Amino acid sequence: MSIKGVWATHRNAVIVTVSTLIILFPIAYSAASSILIQTPDPFLELPDEKYRECVRDTEYMRFHHMDLLKEIREEFVRYGNRGEVALDSCRGCHTSRRRFCDQCHNSVSLSLDCFGCHYYPEPDGAS
Amino acid sequence: MNRRKFLKASGILLSGTACAPGLPILTGCSSTRADRERVLSKYKWGMVINLEKCRLDCDACMVACRKENNVALHGDKRWDIHWIRKVNVRQKDSPDAAWKPVPLLCNHCEEPPCAQVCPVQATYKRDDGIVIVDHHRCIGCRYCVIACPYNARYFNYKENPDWPNKEYPKRSHGVAESCNFCAHLLDQGKKPACVEACDKINANALCHGDLNDPDSEISRLISSNPVKRLREDLGTEPKVYYIGL
Ligand code: SF4
Ligand code: SF4
């Protein structure tokens with residue numbers, strides 16, 4: 001049976017099948033890519049030896065460090081209260097931006113502007 | 001009660017209940033704000049520039065400012081940024097008159113036009129009178145650059161390639177900036193970098209201090225000398241005073 005013949009006899013079935021495939025493609029693609037394309041898990045470097053404890057507990061920092069940073073920024077920039085915590089104090093224990101901050105940010109494709117203006121040195125010389 | 005009255009009454013009731021939870025938030029904010037203000041509002045920073053002591057070919061203050069605050073110098077006057085700059089002036093109709101150097105910087109106006117026009121309140125007057133830009137908030141609209149009658153504001157058309165003072169942030173491309181009296185040094189109890197540099201070469205032309213304190217050096221200089229401010233007619237109430245202008 002030629003293609004023409006299929007089209008003539010099963011027109012509706014062909015349209016339904018093709019459109020279902022088109023609709024399902026994105027879902028199938030993302031499912032397949034999550035299985036097939038393995039992105040490495042972010043590897044966070046452990047803090048420096050002089051680390052005792054963080055300014056907040058780990059759970060809070062993991063999900064809300066940006067809120068904390070925004071809060072201290074507002075306090076300092078607008079009201080002149082320089083508290084205990086600053087971006088500089090992160091630097092004391094988490095010595096490498098590349099091996100700490102960037103790990104998660106890169107893996108979720110987040111690009112931040114902090115380090116365009118604030119200095120966060122790399123221990124091996126690159127900034 | 002007819003239909004109309006009923007609707008009116010229920011509307012009022014509803015909006016009342018909707019606003020009520022907001023009240024503690026509003027009052028809560030204002031009380032913490034008042035606590036914060038006390039930190040800075042003791043001071044009112046100002047500067048006196050003694051033009052008789054300022055040297056003609058000296059640029060110590062400009063260099064020190066660039067180094068402290070990472071102010072960009074691209075070598076092209078379209079993009080160069082100056083927090084403090086010097087112009088030479090002389091009497092208009094006497095060509096033989098001596099040139100007089102005049103350092104110009106942000107005047108930290110009491111009524112700052114730059115802060116009034118800023119649509120996102122990125123530029124604002126701190127409680128100690130310093131007019132400062134919150135660069136995180138600046139959207140780069142350049143209203144303030146146009147509003148400032150003293151041309152004290154500059155815009156970052158380009159990223160600054162240099163970063164001499166790593167302890168102090170630089171500014172990214174697309175924000176406005178101007179002198180902030182080295183607010184980060186004042187907060188540590190130090191003097192602005194330009195004043196420090198001027199004192200170091202023993203010119204002592206710049207004096208920075210607290211205008212609120214009647215015994216401070218700056219208050220004495222202002223009361224014992226004929227001082228002028230730039231364009232006082234504009235009503236911006238600058239806090240930079242000039243002796244011998
Ligand atoms: S001199 Fe210009 S930038 Fe400085 S406070 Fe006045 S208006 Fe604003
Ligand atoms: S350029 Fe920035 S600081 Fe100036 S008025 Fe616009 S938002 Fe405000």
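The values are calculated or read from the model by the stated rules, or taken from the named source; none is laboratory data. The shown structure was predicted, so the numbers you read here are calculated from the model rather than taken from an experiment. For neighbour counting, all protein chains shown are included, and Cβ atoms are generated from backbone atoms with ideal geometry for every residue, glycine included. Just so you know, the surface numbers come from the protein's heavy atoms only, side chains and all, with ligands and any DNA or RNA stripped out. Shrake-Rupley method; radii C 1.70, N 1.55, O 1.52, S 1.80 Å.
Overview of results
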quantity: A:Met61-B:Lys158 pseudo-label distance in nm [points 7 Å out on the Cα-to-Cβ vector]; calculated: 4.0 nm
quantity: Signed unit charges on C-beta, dipole axis of the protein assembly as shown, positive-most listed residue A:Pro42, B:Ala193, B:Trp79; calculated: B:Trp79
quantity: B:Ala72 long-range amide H proximity, modeled H, under 5 Å; calculated: B:Ile81
quantity: Angle in degrees between helix A:11-36 and the longest Cα principal axis of chain A, rounded to the nearest 10; calculated: 30 degrees
quantity: Whole-Hz couplings from phi, Karplus 6.51/-1.76/1.60, listed for the range B:201-211; x for Gly and Pro; calculated: 8, 6, 8, 6, 7, 9, 10, 10, x, 9, 6
quantity: Those GluC sites (Glu not before Pro) in the range A:6-80 that DSSP places in a loop and that have at most 15 other beta carbons within 10 Å; calculated: A:Glu45, A:Glu49, A:Glu53
quantity: Under the Karplus curve 6.51 cos²θ - 1.76 cosθ + 1.60, θ = phi - 60°, whole-Hz ³J(HN,Hα) for the range B:117-132, x wherever Gly or Pro sits; calculated: 8, 5, x, 10, 6, 6, 8, 8, 9, 6, 5, 8, x, 7, 8, 9
quantity: Efficiency of FRET from Cβ geometry, B:Val117 and A:Arg98, R₀ 45 Å, rounded to 0.05; calculated: 0.65
quantity: Intensity falloff of the protein assembly as shown expressed as log10 I(q)/I(0), Debye formula with alpha-carbon point scatterers, at q = 0.07, 0.12 Å⁻¹; calculated: -0.50, -1.03
quantity: 0 to 90° range, to nearest 10: angle between helix A:58-79 axis and chain A longest Cα axis; calculated: 60 degrees
quantity: The range B:43-243 shape via C-alpha gyration tensor axes, a/c threshold 1.5; calculated: rounded
quantity: Extension reserve of the B:Ser216-B:Val63 stretch, reckoned as 0.36 nm per residue once the Cα distance is removed; calculated: 52.4 nm
quantity: Cα-projected label distance for A:Leu68 with B:Asn88, points at 7 Å along beta-carbon direction, nm; calculated: 5.5 nm
quantity: Quotient of C-alpha Rg and 2.2 N^0.38 Å, computed over chain A; calculated: 1.85
quantity: Surface accessible to a 1.4 Å probe, A:Trp7 within the full protein complex, Å²; calculated: 120 Å²
quantity: Computed label-point distance, nm, for sites B:Ala9 and B:Lys77 using a 7 Å Cα→Cβ extension; calculated: 7.6 nm
quantity: Charged-residue dipole, Cβ positions (Lys, Arg, Asp, Glu), the protein assembly as shown about Cα centre, Debye nearest 20; calculated: 1480 debye
quantity: Accessible surface of the range B:43-243, 1.4 Å probe, proportion on carbon and sulfur as whole %; calculated: 49 percent
quantity: Using θ = phi - 60° and Karplus 6.51 cos²θ - 1.76 cosθ + 1.60, couplings along the range B:105-111 (whole Hz; Gly, Pro as x); calculated: 8, 4, 8, 6, 4, 5, 10
quantity: Solvent-accessible heavy-atom area per residue, rounded to whole Å², over the range B:151-232 at 1.4 Å; calculated: 50 Å²
quantity: Within the range B:108-173, chymotrypsin sites (Phe, Trp or Tyr not before Pro) in DSSP loop having at most 16 other beta-carbon neighbours inside 10 Å; calculated: B:Tyr157
quantity: The range A:49-117 - charge dipole about Cα centre, Lys and Arg +1 at Cβ, Asp and Glu -1, debye rounded to 20; calculated: 240 debye
